[in-house]
Structures are given as C-alpha cells and as structure tokens.
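Below is one structure, written out as structure tokens; comments come after it.
Read-outs throughout are calculated quantities, based only on the coordinates presented, and are distinct from any laboratory measurement. Nothing here was measured: the structure is a model prediction, and the numbers come from that model. Using ideal geometry, Cβ is built from the backbone for each residue, glycine included, and neighbour counts are taken over all protein chains shown.
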Amino acid sequence: MDKHAKLKFILTLLVVLVSFGALYIAQGTMNSFYIRVLNLAAIYAILALSLNLILGFTGMFSLGHAGFMCIGSYVAGILTMSPASKEIIYFMEPIHPLLANVQWPILPAILLGGIIAALFGFMIGFPALRLRDDYLAIATLGFAEIIRIVVTNVIPITNGALGLKNIPSVDSLLVYWGCAIVTLIVLMRIINSSWGYAFKAIRDNEIAAQAMGINIFKHKLLSFTIGAFFAGIAGALMAFLITSIDPTMYRFTFTFQILLIVVLGGMGSLSGSVIAAVIFSILMEVLRFVEQPMNLLGLEISGIPGMRMVIFSLGLLLIILFYRRGLMGTNEFNWNWVLNRLGIKTSHQGKRGEAN
Amino acid sequence: MSPDIFLQNVANSITLGSLYALIAIGYTMVYGIIRLINFAHADLLMVAAYIAFYGMLVFTLPWYISFAIAIVLTTLLGVTIERVAYRPLRSAPRISVLISAIGVSFLLQNLGIVALGARPKPFPRPDDLVWNIQLGNVSFLSLTILIPVVTIILLLMVTFMVKKTKMGIAMRAVSRDFETSSLMAVNVNKVIGATFAVGSALAAIGGIMWSMQYPQVDPLMGLFPGLKCFIAAVMGGIGSIPGAMIGGFILGICEVMLVAFMPELSGYRDAFAFVVLILILLFRPGGILGENVVEKV
C-alpha cells in the first residue's frame, strides 16, 4: 500500500477545490473576452481528451471527430432554442412539428447531445472498426463528411446550410470547466481500469492482445463510442459558447486542430491533452497579431489572414518530425514526481494524480 | 431524359472519370510502394494549377511553357515533400507518417490561402486546346476528347514504365519487400523518390486539366478531388494501376449519372463517393482488381 496515498488524496482534493474556487473568482473578476478564451480551452480539452482515448490509448487513427461534434452541437442547439426563435429561423422550410415546441434546460441537452453522438459512434464503429490505420482514417473521415452533408440537406430538422442561430448563450466557466474536469476524471478512471489496460494492449500489439484473450472488436468499439460521447458533449458546449452554428464549421479542418492538440500534448497522455488544449487556445488568440497590420522596425507589414494556420501546420510537422512524443509523451502528471521534487520520498508505484 | 442530354452526361462523366483516374494513379503508386495515403497529393493539383495560372496570366508565357514549368516544379515539390516529411519517419509508427502527411497537406493549403488569397480565380483556357465542338444537338468542349486521350496515353506510358523498364521493376520489387530488394542492390530511396516524381507529375497534369475543365483555381480546390481519387484507387484495388483507372472511371460515371437521373439527390453528391468507399471496404477490402492480403505475424 502506498504510504502517501492519504497525502496524495488530500492534495488532489485540494487542487480540485482550489481550481473551482479559482473558476468562481475568475468568473466574477475577468472580462468576458478572457472567460470566452478559457471556455474555448475547456472545449478543446474535452475534444483532445476524447480523441486521445481513441488515437493515443487505443491506437485507432480516427479522423471523424468533427462529425460527432457536429451531432452534439445540433442536438443541443435544436433542443434548447425557444419555439419563437425556431419559427423565425426556419424560414426555408418549417421545422418538423415534433421539434417545434421542445425547449429543454441546458444540462440535459448537453447530455443528450453526447448520447446521440455516442449512438452514431457505435453505429459507425460497428462497420468501420474492422479497418485499420489509414483505411480507418479515410473511412472515419468519410463518415464525418457524410454526417456534415446529411446535416446540410435535412432542412426541416437542421435548417440546412443556414444553420442555427439564437441558441441560448452560456458563459459560466463552471459549466465548461466542470464538464472538462468530469471528462478528465471519467477518462482517468477508464484508463486505469481493465478496459484501459485492454485499450493499451491493443494499441501496442493487436495480435498479442488477441492472443491474451482480449476481445479486440468489443474494446475498440467501446473506446470509439466513449470518444464519440465526449466529442458530442464538447459539440453541445460549443453550440452554447458561440450560439450560432452552421455545417461548414465542422469540416475536416476542425478535426485537424484537435489532432494537433493531441500530438502536441503527447499521444497517450491525458494531462498532456489538457495542457496542450490550454496552450493551443491561448496561442490562437496571441497569434492573432500576425493577421493584423503591424509596424516592425519601421516596416509596415499588412496582416496576413490565415497565417495562424500556417504556423500551426508547420508546428505539427516539426513536432511529428523532431519531437514525436509531444509535451508529455505517454506520461501523466502525478504526485510522486511533485513529492520527490519537494524531497519527500515516495514508493515508485503510485496512483496517478489529478491533473488540472 | 432526352437522348441529347443523356449524351451530354455521358461526355461529362467520361471526362470526370478520366481526371479521377489520372490522379488516382498517383495515389495508388505511392500507396503501393510505401503504404501511405499521401494526403499532400491532392494539394499538388492545386500547386500545379496555380503555377500554370500565374505563368499564363502574370508572366504572360505561352500555355505550353507555363504547363511545362508547372509540371516540373510540382514534380520537384512532390519529391521534396517525400524527402523532408516522409523519409525521416520511415521506421516510425504508421500513424506518425500519416499525421505528417496531413500536416504537409494543411501546410500547403494554408500557405496557398496566405500567399494567393482564399478567393477563387478564373483559370484562363488556352484557345489552342479548348474549343467548342457541335455534333448534331450535342455541343461539347474539345476537352471532353482531349482529357481521356491524354489520360490513356499517360496510363500506357506508366504501365510500360512499371512493366518494362529497370526502374519499374525496381519499384515493383520495393513494393513487395523493402529489405530484400535493398539486399538485391536496389537503391530504395532512389526508387521511392522516382515513384513520388512520377506520381507528382501525374498530379500536376491532372491539376492543370482539372482547372481547364472546371475553369477556376482556389487554394482548397484539391481537397475533394483528392479524397475522391483516393477512394477511386481503393475501389480499383490499391497498388494496381489498371485498378485505379477502372475505379476512377466508375466513380466519375456514377457521380455524374446519380445527379443526372436523380436531381433531388444532388445535395448528396459529395457523400456518394464516401458511401461507395465504405461499402467497398466492408465487402471487398482488396478492391476490384486487388488481392486480399492477410497480415502476417
């Protein structure tokens, strides 16, 4: 038994409490721009965590995340919009009568967004997960595109290419980071359960895992469905953050950004994904200056729109070529490391700590 | 549907099919030799189209010189990409190489947006190559004949090269087994470079013809044709050159005919290719001409 278990538990609890306290204070004191950036970071964190479960822990190269997110966004958006604004927005074709008068509270809508995305994940995973590597990548990418094209075309439900507007806005840090922390804790529990060990065994060597009696297909499907569930949750949160959505948002480019975060944080590290998500969303804002006109040593440089994505794609290439393990590799933040640094000797094997 | 409109659709579908086939050959060659979906292949189309565009409009070169420059530069770019982004990762896990390929593709697209602007530009059609042909009630562009002819000539050339020349034999050997062929004194790096060069040149020709047929260029123009041509290559059996040709034609014909016979489904046109891909992968993963390979332990 780990003699520092109690200490670590208290530390973990403390971190959780302090972070909620910090969120509470930040909500009251920060201006709405910073809050928005932080909320976006929470959404990216959920997305990166869920893609990391599929890609980093189970070794399945799925490029379908934007599709699951799209489903989550639309489910949450349609369920929470007021009947009055639905009537205004659906002017091309009236909304399906079953949906016209529903108006749910926020949290059940987020949950249902996740559940429906998970359902689609299950249905897509069932045929697609028999494929591997690049075939799986292109098939999941195809499914995500199909989802997007169907959403563009079933106008009575999704309002087609015009998208949804006037989705109720939520700007509470507690909702976004609450969801992110719950996601992190749930995924941490999964990774350290027998499921998690099975996932990692499949990632490292599928044939060996099968020889050890692991049901490959079942576990792949499980990992894929859980990943889709959290992608749906993130999609729902995205709808509440930006309040107007349309199908072009959920292109392949979006999956690319999430992939970038996962690779940056380290494929196979949950804490890495969270850290990278925060770094990415802050960089997205900081680097905005390269797209605006500036004065460099008396030289007028007009802003170049799109420059941020050039920097990010270059960054992805450099990471994958020269620093493939990313920030954290497959390591996790853990208290042993911190305690050892502070001069407290710990046994080598310890429970993984809370990362936040 | 009147016979005239039907003939028009047949002409359109053959043109589209030839373009798909031409680009699919590049995918299938690269996949056959290093088992990598070269995502950047799609963006080489765009690069070639832009070089030709700038050559003709900005530097006012005659079309044949700008096309030649476009093909040469795109080929160099394709080889450079292999050199810089894929070769260092040859012993890395496959996922890393794929991520690298996606990274290159996005870099090219975003560089395109930054350097050239996101707005589509009209592509000039050289008068020597494009004119109208009137046959009874059916009128079509000369491209409708030119594109399939060029495709078939190139296909024959590539097949000849792969079957008969020394380099082609080396390519087939490397695609079977890396290590054994390097023991047989095949310079693997050189062979892979040559494969990328041929694939990129085909992509460049495909890109130029694509932008003559659908006369506009924009930085993301390669994205969808690229994905669809990869699907065509998978349909025909990846690694097989005649397979890529057949896959390209089937996909092009089905796509045009789907919209022609069921106009109410035209919104789903882009989804069609993916549906086909998923069905193929599920029921005949080796493709039409491919063989099903069982992975050895």
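For region A:30-107, rounded, prolate or oblate, judged on the Cα gyration tensor with a ≥ b ≥ c (square roots of eigenvalues), a/c < 1.5 rounded, else prolate if a/b > b/c? Oblate. For B:Lys163, the aspartates and glutamates whose Cα falls under 18 Å of its own Cα, not counting residues fewer than eight places away in the same chain, are B:Asp177. Look at where the Cα atoms of region B:54-74 and of region B:19-49 average out, and the two centres are 21 Å apart.
Please order A:Leu11, A:Leu237 by the number of other Cβ within 10 Å, starting at the fewest. Could the numbers behind the result be given before it?
Details: A:Leu11 16, A:Leu237 29.
Going from least to most buried by this count: A:Leu11, A:Leu237.
All other residues whose Cβ lies under 10 angstrom from that of B:Leu220 are scored, Lys and Arg at +1 and Asp and Glu at -1, for a net of -1. Charge dipole of region A:5-341 (Cα centre as origin; +1 on each Lys and Arg Cβ, -1 on each Asp and Glu Cβ, all else neutral): 820 debye, rounded to the nearest 20.
Fully extended, how many nm does the chain gain between A:Asn31 and A:Ile311 (0.36 nm per residue separation, minus their Cα-Cα distance)? Kindly include the intermediate steps, with their values, before the conclusion.
Details: separation 280, 0.36 × 280 = 100.80 nm, distance 2.78 nm.
Answer, rounded to one decimal: 98.0 nm.
Relative to the longest principal axis of the Cα atoms of chain B, the long axis of helix B:94-116 makes an angle of roughly 40 degrees. Residues whose amide H falls under 5 Å from that of B:Val217, counting only those 5 or more places apart or on a different chain, are B:Lys121, B:Phe123, with hydrogens built in the peptide plane. Considering only A:Leu259, B:Val234, A:His219, the residue lying farthest towards the positive end of the dipole of the protein assembly as shown is A:His219, judged by Cα position with unit charges set on Cβ. Alpha-carbon geometry of region A:82-175: the Rg and the Dmax are 16.4, 47 Å, given in that order. Legend: mean number of C-beta atoms from other chains within 10 angstrom of residue C-beta atoms, peptide A:147-155, equals 3.
3J(HN,Hα) along region B:185-200: 6, 8, 7, 4, 4, 5, 5, 5, x, 5, 4, 5, 4, 5, x, 5 Hz, from the Karplus curve 6.51 cos²θ - 1.76 cosθ + 1.60 with θ = phi - 60°, whole Hz, x for Gly and Pro.
When the alpha carbon gyration tensor of chain B is reduced to an equivalent ellipsoid, the three semi-axes, largest first, read 31, 24, 18 Å. As a ratio to 2.2 N^0.38 Å, the alpha-carbon radius of gyration for the protein assembly as shown is 1.01. Taking only complete DSSP H runs, can you tell me which helices of chain A stretch 18 Å or more along their own long axis by Cα positions and average at least 0.5 on the Kyte-Doolittle scale? Going by DSSP H runs, the hits are A:5-29, A:32-52, A:65-80, A:106-128, A:133-153, A:173-191, A:216-242, A:252-265, A:270-286, A:307-322.
Between the alpha-carbon centers of region A:182-230 and region A:78-97, tell me the distance in whole angstrom. Taking the Cα centre of region A:78-97 as reference, the centre of region A:182-230 is 40 Å away.
Across region A:5-341, Cα-Cα distances exceeding 40 Å account for 14% of all pairs.
Taking amide H positions as modeled 1.01 Å from N, with prolines and chain starts lacking one, no residue 5 or more places away or on another chain lies under 5 Å from A:Thr243. Which aspartates and glutamates does A:Lys218 reach when only Cα atoms under 18 Å apart count, and residues fewer than 8 places away in its own chain are ignored? Excluding near neighbours in sequence, the set is A:Asp133, A:Asp204, A:Glu206.
Using a simple charge model, +1 on the beta-carbon of Lys and Arg, -1 on the beta-carbon of Asp and Glu, nothing else, what dipole does region B:3-283 show about its Cα centre, in debye to the nearest 20?
Values: 16 positive and 11 negative charges, 183 e Å.
Magnitude of the dipole: close to 880 debye.
Output the pairs from B:Lys121/B:Lys228; B:Lys166/B:Lys190; A:Lys200/A:Lys220; A:Lys6/A:Lys200 with a Cα-Cα distance over 21 Å in this structure; if there are none, say none. Long pairs (Cα-Cα over 21 Å): B:Lys121/B:Lys228; A:Lys6/A:Lys200.
When chain A is treated as a GNM with alpha-carbon contacts under 10 Å, the residue of A:Phe122, A:Phe256, A:Phe322 showing the greatest mean-square fluctuation is A:Phe322.
With the charge dipole of chain B set up from +1 on Lys and Arg Cβ and -1 on Asp and Glu Cβ about the Cα centre, the Cα lying farthest toward the positive end among the listed residues B:Leu258, B:Gly287, B:Asn187 is that of B:Asn187. Comparing Cα centroids, region B:240-287 and region A:122-167 end up 17 angstrom apart.
From its DSSP helices (H runs of at least four residues, each -39,500 (n - 2.57)), chain A gives a residue-normalised ellipticity at 222 nm of -22000 deg cm²/dmol. Farthest towards the positive end of the charge dipole of region B:1-118, among the residues B:Ala118, B:Val79, B:Gly17, is the Cα of B:Val79, using unit charges on the Cβ of Lys, Arg, Asp and Glu.
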